[in-house]
Amino acid sequence: MIPEYKKDYEDNNRQSMLENILFPVRNINEKRLQERVENKTILITGASYGIGAALIPILAEYTVTLLLVARTEERLATLKKSIDDNACNVKIYAADLRDENEISNLLELWKNENINVDIIINNAGKSIYRKLWNSLDRFHDTQRCAATNYTGPVQLILGVLNGLLQKEAHIINVSAINVLLPPAVGWSAYQSSKVAFDQWLKCSEAELKAENISVSSIYLPLVRTRMSMVNENKHGQPAMSKEKAAKLITNYIINRKRRYTPWWFGVVRLSAFIFPGTLYRIQLRQIKKADK
Ligand SMILES: NC(=O)c1ccc[n+]([C@@H]2O[C@H](COP(=O)([O-])OP(=O)(O)OC[C@H]3O[C@@H](n4cnc5c(N)ncnc54)[C@H](OP(=O)(O)O)[C@@H]3O)[C@@H](O)[C@H]2O)c1
């Protein structure tokens, strides 16, 4: 059962003036979006909650086929029902991206039904914040993050890649700005798995582009979702609403640019470059202080 105050956090799609300045997102050009997605098959992983679920009503306005993947079947069914009157064709698949067999079955099913994907939105994700000394009996944290955020998505994408050839296909990876920042204490399982997938995709990007498959990596800041609400210390921090994140991703379906980072991110990255080791020293000092 989710406490009411937490629900408010996740469902709050209002943006303060500061959040609007930090995270400006352009309105969607509906005509260009229509040109991009009309009659296309769009796979959204992690479609049951958060950013993935917020993408559904935007894309459902068009004549598209949406393949929605997540573990929670009832949520997917409810979301499908909510867009029943729309022109789109929606197919839901309850699958656990940590399970190799479930992914294989999904790929087999699509092959048998002759389903070929045009746009992949690799969005499913699992995050864990837990410090090292609290993780000694929790190897599974690392395994689960690695499977959800890295190996599962790789298996899925490899399985659909052949179907992406001979058309202007597009892979969008929903990543996080932390991937591009110095390592942070407590985030080892999450950050390493997101970095691993990011690197896998970057290594593959030129080969994909040579076959006319575009790749966009969206490095999001904090977004108000079920994922971030569990960290109460983040509740006071500026965050994007999930609706805004979905709008941003949709704009990348249109413009197919390779990277998104917030406009101020260059300054943050430059500081990390100019002062290497500063974050490490700050973190070490904080840990020692907390231990006293
Ligand atoms: N929220 C943030 O602050 C933030 C910041 C930067 C980047 N991101 C990234 O944004 C993406 C979406 O996250 P969100 O914030 O929208 O989180 P969310 O609300 O928790 O949604 C995560 C989605 O992933 C699905 N999922 C999780 N584990 C899965 C598994 N093993 N197999 C299949 N599906 C699974 C969940 O569905 P089920 O539970 O039904 O399986 C859910 O639909 C993630 O990749 C995350 O890393 C989030």
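Tell me, what is the per residue accessible area of segment 4-261 in Å², probe radius 1.4 Å?
49 Å²
Quick one: angle between helix 50-59 and the longest Cα principal axis of the chain, in degrees between 0 and 90, rounded to 10, please.
30 degrees
Sorted by mean Cβ packing within 10 Å, highest first, what order do the peptides 62-70, 184-192 take?
In decreasing order of mean packing, 62-70, 184-192 become 62-70, 184-192.
When the helix-only estimate is applied to the chain (DSSP H runs of n ≥ 4, each -39,500 (n - 2.57), divided by the residue count), what is the mean residue ellipticity at 222 nm, nearest 500 deg cm²/dmol?
My calculation for the chain gives -14500 deg cm²/dmol from helical runs alone.
How would segment 4-261 be classified by its alpha-carbon gyration tensor: rounded, prolate or oblate, with rounded meaning a/c under 1.5 and the a/b versus b/c comparison settling the rest?
Rounded is the answer for segment 4-261, as its axis ratio a/c remains below 1.5.
What part of the accessible area of the chain, given as a whole %, is carbon or sulfur when the probe is 1.4 angstrom? The partial results should precede the final answer.
Values: 8180 of 15860 Å².
Accessible surface attributable to carbon and sulfur in the chain totals 52 percent.
So what's the net charge close to Ile28: Lys and Arg +1, Asp and Glu -1, counting the other residues with Cβ under 11 Å from its Cβ?
+3
Pick from Ser175, Ser216, Ser16: which residue has the top mean-square fluctuation in a GNM of the chain where Cα pairs under 10 Å get a spring?
Ser16
Quick one: dipole size for the chain, taken about the Cα centre, charges +1 on Lys/Arg Cβ and -1 on Asp/Glu Cβ, in debye to the nearest 20.
Details: 40 positive and 30 negative charges, 273 e Å.
Computed charge dipole of the chain: roughly 1300 debye.
Sorted by average packing, counted as other Cβ atoms within 10 angstrom per residue and highest first, what order do 118-131, 270-283, 22-35, 228-241 take? Intermediate values should be presented prior to the final figure.
Values: 118-131: 21.4, 270-283: 11.4, 22-35: 14.1, 228-241: 15.8.
So the order, starting with the most tightly packed, is 118-131, 228-241, 22-35, 270-283.
State, to one decimal in nm, how far the label point of Arg269 lies from the label point of Gln143, with both points 7 Å from Cα in the Cβ direction.
3.5 nm
Once the dipole of the chain is set up with Lys and Arg at +1 and Asp and Glu at -1 on Cβ about the Cα centre, which of Val268, Thr63, Ser192 lies farthest towards its positive end?
Val268
With the crude spin-label approximation of a point 7 Å out along Cα→Cβ, what separation in nm comes out for Glu35 versus Arg259?
Rounded to a tenth, the inter-label distance reads 2.7 nm.
Looking at this model, which pairs from Lys167/Lys257; Lys80/Lys244; Lys31/Lys234; Lys131/Lys209; Lys40/Lys234 are more than 27 angstrom apart at the alpha-carbon? Don't skip to the answer; put the middle values down first.
Values: Lys167/Lys257 17 Å; Lys80/Lys244 21 Å; Lys31/Lys234 37 Å; Lys131/Lys209 39 Å; Lys40/Lys234 37 Å.
Long pairs (Cα-Cα over 27 Å): Lys31/Lys234; Lys131/Lys209; Lys40/Lys234.
Starting from 0.36 nm per residue, how many nanometres of slack lie between Lys131 and Asp85 once their C-alpha separation is accounted for?
Residue separation times 0.36 nm, minus the Cα-Cα distance, leaves 11.9 nm.
Output the peptides 102-108, 209-215 sorted from most to least packed, where packing is the average of other Cβ atoms within 10 Å over each peptide's residues.
Sorting 102-108, 209-215 by mean packing, highest first, produces 102-108, 209-215.
The values are calculated or read from the model by the stated rules, or taken from the named source; none is laboratory data. The shown structure was predicted, so the numbers you read here are calculated from the model rather than taken from an experiment. Virtual Cβ from ideal backbone geometry, glycine too; neighbours counted across all protein chains shown. Please note that ligands, DNA and RNA were not included when accessible areas were found on the heavy atoms of the full protein model with its side chains. Shrake-Rupley method; radii C 1.70, N 1.55, O 1.52, S 1.80 Å.
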